[in-house]
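Please read the structure below before turning to the comments.
The numbers here are math on the coordinates, done by the rules we state, and not lab data. In this text, all values refer to a predicted model and were calculated from it rather than measured experimentally. Counting neighbours? That spans all protein chains shown, and the Cβs are built from the backbone with ideal geometry, glycine included.
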Amino acid sequence: MLAAAGSAVGLGNIWRFPYLAAKDGGGLFLLVYLILAVTFGFTLLTTELAIGRKTRRSSLSAYRRLNPRFKNLGILALIIPMVILPYYSAVGGWVMKYTVAYLTGNGAETATDGYFNSFISSETEPLIYTILFMAATAYVVYRGVNKGIESSSKILMPILLLMIVGIAIFSMTFEYTSDDGVTRSGLDGLKVFVIPDFTDLTLDKLSITIMDAIGQLFFSLSVATGIMITYGSYVKSEDNLIKSINKIEIFDTLVAFLAGMMIIPVVFVFMGQEGMNHSGPGLMFICLPKIFASMGTVGTVLGAVFFTMVLFAALTSAISMMEGIVASFIDKFGYSRRKSTAIEFVICAVVGVLVCFGYNILYFELPLPNGVTAQILDLLDYISNNMLMPLLALLTCVLVGWITKPKKIIDEITLNGEPFTRKGLFIVMVKYIAPLLLILLLFKSVGVF
Ligand code: PFF
């Protein structure tokens, strides 16, 4: 369960959640996300952990066990982390760069305007950090030493959480008067983040928000990637799955919420609503240094500790992805761990290089249906989170809701007579609501409407 929590909490919570929440208007995104977390997130996490424990197989063969006609879901579940890992590592590389900058006393520089953009558009540096991040991940997977990493999460995760709380409170104290004479405070920013604004809400905006929130939810919980099935297969029969599911869900959502509280008020104070609407993957890297810079010398130390923690959280998630892929290679092709890790490392590095070049020699601007102007990173992110993950989630719901029937999952969840209070909700979700909404969203994300 520690491994599952380590996989769930990562860049998704700290880097991705805040920029999407800012882009989609703060409070509305938060509201939609929370509703989806207690319905969709809970349903999928329950389903995947239960499938894993029931079949005692990794995702590649678990689906086949449940129903041979659905065996290709295992392949889909292998492809998804293979698409995510290269760009996840690129962002991990950015975190590594900032960690090094703070540790070497150059943290203040990262707060200067244009620093982030000139870093990612340079040709060699981002590449080096991306490869370093991947190499660290591959090393842990190859040596099979993730156990050690997981147990350090017990200490490091609470420290990270405390730091996020501290910085979030500090963010509230910001105040800034823009050139046009408007004064905005951190508290105003907090209101924008937590209070939904329904004025000018159109069906299109709502559906984009739901689409972004659902992709984010899958990403953040590491569901619809097969990884939770694999972790479920390690859970003992006598363990209480419901308790673990609740813990992972609450912790993951809490970290995301607090990360939003830490970053969004700062964007709002300095860049206003306009800046929020245009937020993208660089948001965290632009906002956090500004916060640390305003703390003076203490900020340099805090920044160093903070980016180190984020780097650690990113590594545990990346390790879980690569571990899932490598386990499947071993399973499917009978390769050794060494060979499987080497192959995945090379594939990941090649795609990772393309992701880095997406900000310089391969730069393009591609408008996506969710209003984002994409480079290679955003495109891979969109393909995995808005298309492949909803597709896998949809097919999993069809399999569980209609073919094997929800009872199988419920029996597994309540194996030791645990009370399952959300049972009714679970059945309605897997059978009806989830498939329907996922079909609509898939149409939307491929641009049908
Ligand atoms: N859940 C991780 C995060 O929030 O950073 C990212 C992730 C890990 C996504 C593993 C997918 C996955 F299979």
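Per residue, the average separation of C-alpha pairs within less than 8 Å and at least 6 apart gives the chain a relative contact order of 34 percent. Shape class for the range 102-160, computed from the alpha carbon gyration tensor (a ≥ b ≥ c): oblate, with a/c not under 1.5 and a/b at or below b/c. Counting only residues at least eight positions apart within a chain, or on another chain, the aspartates and glutamates with an alpha carbon under 17 Å from that of K332 are E323, E344. Starting from the Cα gyration tensor of the range 82-224, take the square roots of the eigenvalues, sort them a ≥ b ≥ c, and report rounded, prolate or oblate (rounded when a/c is under 1.5, otherwise prolate if a/b is larger than b/c, else oblate). Prolate shape, in that a/c is at least 1.5 and a/b is the bigger ratio. As a quick test, which of the pairs K154/K236; K147/K243; K147/K444 have an alpha carbon distance above 32 angstrom in this structure? The answer is K147/K444. Computed extension gain for L440 through R143, at 0.36 nm per residue and net of the alpha carbon distance, reaches 102.6 nm. Would you work out if the range 307-449 is rounded, prolate or oblate? Take a ≥ b ≥ c from the square roots of the eigenvalues of the alpha-carbon gyration tensor; rounded if a/c is under 1.5, else prolate when a/b is larger than b/c, oblate otherwise. Judged from the Cα gyration tensor, the range 307-449 comes out oblate (a/c at least 1.5, b/c at or above a/b).
For the range 1-160, the Cα-based Rg and Dmax, in that order, read 19.0, 57 Å.
Treating r as the C-beta distance of E238 and R338 and R0 as 30 Å, the FRET efficiency rounds to 0.30. Taken along the Cα-to-beta-carbon direction at a fixed 7 Å, the label points for V301 and L34 span 3.6 nm.
The helix-based estimate of mean residue ellipticity at 222 nm for the chain, built from -39,500 (n - 2.57) per DSSP H run of four or more residues and divided by its residue count, is -22500 deg cm²/dmol to the nearest 500. Taking 7 Å steps out from each Cα toward its Cβ at T183 and K423 produces label points 5.9 nm apart.
Among E344, E125, E150, E48, a tally of other beta-carbon atoms within 10 Å of each Cβ gives an order, fewest to most, of E125, E150, E344, E48. When Rg and Dmax are taken over the Cα atoms of the chain, they come to 21.1, 66 Å.
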